[in-house]
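J.: Below you will find the structure I want to go over with you.
The values are calculated or read from the model by the stated rules, or taken from the named source; none is laboratory data. Since the model is a prediction, treat every value here as computed from it, not as a measurement. Every residue, glycine among them, receives a Cβ derived from its backbone with ideal geometry; neighbour counts consider all protein chains shown. Each accessible area value is taken on the protein alone, full model and side chains, heavy atoms only, with ligands, DNA and RNA left out. Shrake-Rupley method; radii C 1.70, N 1.55, O 1.52, S 1.80 Å.
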Amino acid sequence: MDNLMTDNLMIELSDIHLTLEGGSGKVNILRGVNLQVDKAETLAVVGPSGSGKTTTLMIMAGLERPSSGFVRVAGQNLTGMHEDALARFRRSNLGIVFQSFHLVPTMTALENTALPLEFAHRPDARDRAMHALAAVGLQGRAGHYPAQLSGGEQQRVALARAFAGEPRVILADEPTGNLDSETGRRVMEHLFSMQQKLDTTLVLITHDKTLAANCSRQVHMEDGMLHDGCPRCSAAPEPADSAETAPAR
């Protein structure tokens, strides 16, 4: 049953808690997060810095393990999956876009875009990478290194890399955070265009209310809990202990 999806459900977080040991004792990062995201849905997670947004995204990606709770993404139960299996899962199902681009500085735009496809041993890695760069208008910059590209161009390379393998889920963490408003707008046009073309599920972390409004649904996160009254996302009751809440990573 772990490999089956229910109807159109693509992401399911059930009663997710994350508690870490701090200098003064236990620190509650997430306090009972429940969330469901459907296939091809676009979801914006908004809220103040330190509220747990990025941590929640990392748990969806299998890059952070919750202290308790259940995580299912693309029909796979991530909760007990070992690291090698998680890496294979991400390679086959996820595209991740970060605020700081995370491009390899010694690789060209084409090489950066092709990198995850080559890790997956795709024989058509270069062709797919070039097609993805063309989709974001950068086919003419394929041979340029990150230092030779503007911030907006670097983020468009990051988008091409995330979408090149046609993932089922895109997780984007403040993808316009390092860009000016006009450049950010153009980058997001590419993001939503590619999402619609591939029918990809998109979870977007953002402080930008205008950007969030482009998504089909929004949830608000604060103090490690979701607060929006949506019937498909709620916060479980806070644990009885009096542990301090610290900024999420």
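J.: Tell me which of Ser67, His144, Gln218 sits at the most positive position along the dipole axis of the chain, charges placed on C-beta atoms (Lys, Arg +1; Asp, Glu -1).
T.: His144
J.: Where does the charge balance sit around Arg126 when Lys and Arg score +1, Asp and Glu -1, over other residues with C-beta under 14 Å from its C-beta?
T.: The answer is -1.
J.: Ignoring ligands and nucleic acids, what accessible area does Leu204 show with a 1.4 Å probe (Å², nearest 10)?
T.: Approximately 0 Å² for this residue.
J.: A further question on this structure: Give a residue-ordered list of calculated ³J(HN,Hα) values for the range 139-147 (Karplus: 6.51 cos²θ - 1.76 cosθ + 1.60, θ = phi - 60°; whole Hz; x for Gly, Pro).
T.: 4, x, 10, 4, x, 8, 8, x, 5
J.: On the full set of protein chains, 1.4 Å probe, figure out the accessible area of Met10 and give it in Å² to the nearest 10.
T.: Only protein atoms counted, so the area is about 10 Å².
J.: List the residues whose amide H sits under 5 Å from the amide H of Asn214, counting only those 5 or more places along or on another chain, with H placed 1.01 Å from N in the peptide plane.
T.: For Asn214, no residues qualify.
J.: Let's see if you can work this out: charge +1 on each Lys and Arg Cβ, -1 on each Asp and Glu Cβ, no other charges. What is the dipole magnitude of the chain about its Cα centre, in debye to the nearest 20?
T.: Charge dipole of the chain: 580 debye, to the nearest 20.
J.: Take the Cα pairs of the range 45-86, get the Kirkwood Rh, then feed it into Stokes-Einstein at 4 °C and 1.567 mPa s and tell me D in µm²/s.
T.: 116
J.: What list of ³J(HN,Hα) values in whole Hz, one per residue of the range 89-95 in order, does the Karplus curve 6.51 cos²θ - 1.76 cosθ + 1.60 (θ = phi - 60°) give from phi, with Gly and Pro shown as x?
T.: Once rounded to whole Hz, the list reads 4, 4, 4, 8, 10, 10, x.
J.: Further question on the same structure: Starting from the Cα gyration tensor of the chain, multiply each eigenvalue by 5, take the square root, and state the resulting semi-axes largest first in whole Å.
T.: So the three semi-axes of the chain are 31, 20, 17 Å.
J.: Could you tell me what a quarter of the Cα convex hull surface of the range 114-184 works out to, in nm² with one decimal place?
T.: Hull-based average projected area comes out at 5.1 nm².
J.: When the Cα atoms of the range 7-109 are enclosed in a convex hull and the volume is divided per residue, what value in Å³ results?
T.: 154
J.: Suppose accessible area is computed on protein heavy atoms with a 1.4 Å probe; arrange Phe119, Phe163, Phe70 from highest to lowest.
T.: The most accessible residue leads, giving Phe119, Phe70, Phe163.
J.: Something else now. What residue among Glu166, Glu118, Glu21 has the largest mean-square fluctuation in a Gaussian network model of the chain, using Cα springs under 10 Å?
T.: Maximum among the listed residues: Glu21.
J.: From the P(r) of the range 64-179, could you give the percentage of C-alpha pairs in the tail past 21 Å?
T.: Result: 39 percent of Cα pairs exceed 21 Å.
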